[in-house]
Amino acid sequence: MRPIQSMHQRPIHGGNRQWAADMAGIDLATILDFSASINPLGPPDSAIAAIQSHLRELNHYPDPAYIDLRQAIGNFHQLSPDWILAGNGVAELLTWVGRDLSQLKATVLFTPAFTDYDRALAAYDCQIERYPLILPSEDLQHIQIPSLIKVSDNQAKGILINNPHNPTGYLFTKDNLLPYLEQFALVVIDEAFMDFLPPEQQQSLIDLVPFYPNLVILRSLTKFYSLPGLRLGYAIAHPERLQRWQAWRDPWCVNALAVAAGIAVLSDQEFQQKTWTWLKTARAQLFTGLAAISGFKPLANAANYLLVQTEVAGSILQKELLQKEQILIRDCLSFPELGDRYFRVAVRLEHENQKLINALLL
């Protein structure tokens, strides 16, 4: 039985400021959090205004079909709302992904993988086949995509992929992913960080969902729009699959304020453009600063976070930064393939990035 995490147990996700404050003996409010890959520009004013204008709706249940939210998402992606299911963050939707995958012979994961995949798959006793994305210690600038062409019985298996990949930030191209649609019984692409790329650079498979009943796309609205406390994501898949998931889950998974904020931010083009402009400059600044420090090798990527190879144990570095500078980074102990010689940091505002760089120089 999976134990409930205590306040002293090392977290498997980033963003656990309470754990960090307790561990380092510091005030939670003073922590500069690089461990959670959340847009530092938000929440956008459009979300705050929408939440404030819908506070009086708290005395009513949300629409259990979430028609207005699904319509807004459908308009954003030029899809019928029948192909969309809103969820209490991607984490909730992964639970139903796990249930579907449990009906197959096995699920293929590229490792290291987002730690919540193990949670969702273990809940239904899924058989997991792990294939490493090779990170050569002498050259962290290359990732080798495992060849699955000769893997036996793919047609009886599923595959679950992050794109961009977490924790490396590697971006699979459409051409990388298209063969899997013919090889696997179920292909789930978690695109939680895809919206951090400008539209012309995205490698999403959303436009292929109507043509492949075995394709599921997961999207988050809380990372890009800096709303993790609201919990809001959505799945795009064949309506029959989504109707089955709807029948499995509790009613009213998404609260009324999250619905209002989600509808508002999808049309906030000013915030979207501001984010793409910020990230291009800030990521380059953080990458260059880290790469210039002896003992650190950041991996170039397409995401709003950087995986960094380190000669100093990541957990020790994490504790020292917390105690001395009140800066929280993500150690990689929850990724067994990485261990204590890596850490991950979110890209933040340029003056915050510089504070981290300066702290690591000391």
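The values are calculated or read from the model by the stated rules, or taken from the named source; none is laboratory data. All values reported here derive from a predicted model rather than from experimental measurement. Reconstructed Cβ throughout: ideal geometry from the backbone, glycine too, with neighbour counts over all protein chains shown. Note: accessible area is taken over every heavy atom of the protein model, side chains too, but ligands, DNA and RNA are not part of it. Shrake-Rupley method; radii C 1.70, N 1.55, O 1.52, S 1.80 Å.
If the condition is being within 26 Å of residue 30 (Cβ to Cβ), outside any strand (DSSP E or B) and in contact with a Pro (Cβ under 8 Å, 6 or more places away or on another chain), then the stretch 289-328 contributes only 290. Residues that are in a loop (DSSP other than H, G, I, E, B) and free of Cβ contacts under 8 Å to residues at least 12 places away in the same chain within the stretch 64-77 comprise just one, 65. For the stretch 156-200, filtering for residues that are open to solvent by 10 Å² or more (accessible area, probe 1.4 Å) and of a type in the set (Lys, Arg) leaves 1. Out of 71, 127, 78, 103, one residue alone is modelled with pLDDT of 95 or more, at positive phi and of a type in the set (S, T, N, Q). It is 78. Looking across the stretch 330-352 at every residue that is surrounded by fewer than 23 Cβ atoms within 10 Å (Cβ to Cβ) and under 12 Å from residue 32 (Cβ atoms), the one that is nearest to the chain's Cα centre (by Cα) is identified as 349. Taking residues in the stretch 114-125 that are part of a loop (DSSP other than H, G, I, E, B), and partners anywhere that are among the basic types (Lys, Arg) and crowded, with 16+ Cβ neighbours inside 10 Å, the pairs with Cβ atoms closer than 7 Å and at least 6 places apart or on different chains are 124/99.
Scanning the stretch 19-50 for residues that are within 20 Å of residue 230 (Cα to Cα), of a type in the set (Gly, Ala, Ser) and either touching a residue at least 40 places away in the same chain (Cβ under 8 Å) or open to solvent by less than 30 Å² (accessible area, probe 1.4 Å) (or both) gives 35, 36, 37, 42, 46, 47, 49, 50. Among the residues of the stretch 318-334, just one is out of contact with any Leu (no Cβ under 9 Å at 6 or more places or on another chain) and without any contact (Cβ under 8 Å) to a residue 60 or more places away in the chain, namely 320. Can you find a residue in the stretch 233-249 that is touching an Asp or Glu at 6+ places or on another chain (Cβ under 6 Å), among the hydrophobic types (A, V, I, L, M, F, W, C), open to solvent by less than 50 Å² (accessible area, probe 1.4 Å) and at pLDDT 95 or above? No, because not a single residue in the stretch 233-249 is touching an Asp or Glu at 6+ places or on another chain (Cβ under 6 Å), among the hydrophobic types (A, V, I, L, M, F, W, C), open to solvent by less than 50 Å² (accessible area, probe 1.4 Å) and at pLDDT 95 or above. If the condition is being closer than 27 Å to residue 99 by Cβ, more than 13 Å from the chain's Cα centre (by Cα) and acidic (Asp, Glu), then the stretch 181-203 contributes only 182. Taken over the stretch 101-127, the criterion of being open to solvent by 10 Å² or more (accessible area, probe 1.4 Å) and either of a type in the set (Gly, Ala, Ser) or over 20 Å from the mean Cα position of the chain (by Cα) (or both) is satisfied by 102, 103, 104, 105, 113, 122, 123, 124, 125, 126, 127.
Among the candidates 261, 235, the residue that is touching a helix residue (DSSP H, G or I) at 6+ places or on another chain (Cβ under 7 Å), outside any loop (DSSP other than H, G, I, E, B) and under 25 Å from residue 34 (Cα atoms) is uniquely 261. Please go through the stretch 262-313 and pick out each residue that is over 19 Å from residue 199 (Cα atoms), aromatic (Phe, Trp, Tyr) and open to solvent by 30 Å² or more (accessible area, probe 1.4 Å). Scanning the stretch 262-313 gives a single hit, 287. Taking the stretch 83-100 as the range and being of a type in the set (Lys, Arg) and either assigned to a loop (DSSP other than H, G, I, E, B) or modelled with pLDDT under 95 (or both) as the test, no residue passes. Among the residues of the stretch 45-76, which ones are β-branched (Val, Ile, Thr) and within 13 Å of residue 265 (Cα to Cα)? If the condition is that a residue be β-branched (Val, Ile, Thr) and within 13 Å of residue 265 (Cα to Cα), then 48, 51, 73 are the ones that fit. The C-beta contact set for the stretch 203-220 (first residue on the phi < 0 side of the Ramachandran plot and touching a residue at least 40 places away in the same chain (Cβ under 8 Å), second residue basic (Lys, Arg) and surrounded by fewer than 18 Cβ atoms within 10 Å (Cβ to Cβ), distance under 7 angstrom, 6+ apart or interchain) comprises 203/174.
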